[in-house]
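Right, one structure below, let's go through it.
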């Protein structure tokens, strides 16, 4: 199953439709960066009728799954991303009842609660302020918001060794954790 | 026009001027090529600059305010601000700046906000130039580390590495542009303040609940 570098790494990978999109943009190293991810996601049609992702959102997505901190994603990470984003998209579609491609503040709040994020009123205000344009949140911004929240949650959870919902943060760990998102 | 400020608008004919980004030929100022008729050009339509506003900032404001709304949006601001490599300032940095100087809470800035923003950027630009020791026009790993150290932050090399992986272009010598540098430093400042607020005993350690953590970060980082 081997073959040229960047080629299929395991049986069945070549048949995976997602691999087609990935391989089409990826370089020899089998990794894709933010630009390539943007192209890849656009071509896969994951955004459906919605406007696809801007570069900053793609960068965010990479940092969410970029475990080796390389600034790029391998195929498995890409696949994981694809499923996660699809899940969020389904959620968005549920809330975008008028099919406008945007949700409003209340709908965003409901969606976030639905996803299990426990947010204070100030946090919700900050989020909707940041991600809304004229009171509306687009699909791309919604995804960016989900990515950030998920990444922050992972960051916290990894450090919550006693699973009590509390973490003791050292200053530099806090900064590193938060600013790497 | 001030020397060495990142140019705005299209690159001058013949490509980047000789002598590097900070010197050499006639670099465009932040206000573009000097308009004909002297440094301040012909009087802008609608009269002179409002009191307290630099005439050049005013004339630049009018150019950037493409729809003549009297306000500059994130999109318009993006057209006005350029890095040393001619890339536009990224959306996040522009958003951060609008939020900082938007007194009207409308998501846009007026001429006073814009004028203050230009002064703010100039200050950061000077700092950036200071830390860009090899005058390459961008900040490398070692230059970033030194910058943090000189600013008084005690952060690991891994942190600088992380920032470069996240924000620099893939290359053998990754480095960051002015817009990212400003963005990073501002976030660092804000998050440090937030941390210090909670660390009343000043031990360098805080205990946070999940909700506190999210609130703290989301209100400071977005």
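Read the figures in this text as sums done on the coordinates, not as results from a lab. Because the structure is predicted, anything quoted here is derived from the model rather than measured. Glycine also receives a Cβ, built like all others from the backbone with ideal geometry; neighbour counts cover every protein chain displayed.
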**OP:** Only Cα pairs under 8 Å and at least 6 apart count here; give the relative contact order of segment B:55-219 as a rounded whole percent.
**Re:** 17 percent
Original post:
Where does segment A:20-142 land on the Kirkwood hydrodynamic radius, alpha-carbon pairs, in angstrom?
Top reply: 15.3 Å
**OP:** Mind sorting A:148, A:51 by how few other Cβ atoms lie within 10 Å of their own Cβ, fewest first?
**Re:** A:51, A:148
Original post:
When each pair of different Cα atoms in segment B:55-219 is counted once in the 1/r mean, what is the Kirkwood radius in angstroms, to one decimal?
Top reply: 17.5 Å
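Expressed as a rounded percentage, what relative contact order does segment A:95-181 have, with Cα pairs under 8 Å and six or more residues apart?
24 percent
Determine the shielding of peptide B:200-211 by partner chains: average, over its residues, the number of Cβ atoms on other chains within 10 angstrom of each Cβ.
5
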**OP:** Just tell me how shielded A:109-122 is by partners: mean number of partner chain Cβ atoms within 10 Å of each residue's Cβ, no decimals.
**Re:** 2
Subject >> All-pairs Cα distance distribution in segment B:82-129, expressed in whole percent, bin size 5 Å >> reply: 5, 20, 26, 28, 15, 6, 1
Original post:
Under the definition of partner shielding as Cβ atoms of other protein chains within 10 Å of a residue Cβ, what is the mean value for peptide B:180-186?
Top reply: 0
Original post:
Would you list B:68, B:183, A:91 from fewest to most Cβ contacts within 10 Å?
Top reply: B:68, A:91, B:183
Subject >> Within chain A, helix-based [θ] at 222 nm, where runs of 4 or more DSSP H residues each add -39,500 (n - 2.57), nearest 500 >> reply: -18000 deg cm²/dmol
Subject >> Footprinting exposure proxy for B:106, B:138, A:70 (fewest neighbouring C-beta atoms within 10 Å first) >> reply: B:106, A:70, B:138
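With an 8 Å cut-off on Cα pairs and a minimum separation of 6 or more residues, tell me the relative contact order of chain A in percent.
Averaging sequence separation for qualifying contacts and normalising by length gives 18 percent for chain A.
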**OP:** Between the alpha-carbon centers of segment B:97-141 and segment A:123-181, tell me the distance in whole angstrom.
**Re:** 25 Å
